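The values are calculated or read from the model by the stated rules, or taken from the named source; none is laboratory data. Small disclaimer: the values here were computed from a predicted structure and weren't measured. Neighbour counts are summed over all protein chains in view; Cβ atoms, including those assigned to glycine, are modelled from backbone coordinates with ideal geometry.
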Amino acid sequence: MKNSDLLSEFVSVYMSALKNLEKLISQPANPYGASFEQWLIMAAVSQSEEPLTMTEIAKDRGVTKGAIARQLKPLFDRGYLTQEKDPDDRRRVLLVLTPKGAEVKQLLLKVFVNASISGWIFLAYLKEKNS
């Protein structure tokens, strides 16, 4: 097998693993119609000292605006986020976490923490059992 074939195979396995890991991490949030990545966006919007735009989130995450737009659409559709024109620069569109979004963000924090704790306990149990 050539080096280029090995690299191609590595990239394929790597991307598949990341996709499956994101699905696994996001699973506890499914009842809320959100993913772990979407929760991270809601958390960033709520914790930012300055209102954020889609462009700023994309830049911070190192992805395209299109990728962020796909993450944001369900959040808008579910009423977790809204968009508002920047009063100082009408060309900028700011992301705003709604009260419903703030509630879901907090619920998801608890869900992810509980899932993580359960996961670590389960892994510790498996490690102990296999020792």
| message | I'm trying to understand the selection: among the residues of the stretch 82-98, which are touching a helix residue (DSSP H, G or I) at 6+ places or on another chain (Cβ under 9 Å) and either without any contact (Cβ under 8 Å) to a residue 12 or more places away in the chain or on the phi > 0 side of the Ramachandran plot (or both)? | response | none
| query | Just for helices (runs of 4 or more DSSP H) wholly inside the stretch 1-83: which have at least 3 residues that are at pLDDT 85 or above and surrounded by 11 or more Cβ atoms within 10 Å (Cβ to Cβ)? | reply | 36-47, 54-61, 65-77
| message | Being within 12 Å of the chain's Cα centre (by Cα) and of a type outside the set (Ser, Thr, Tyr) is the requirement here; does residue 22 meet it? | response | yes
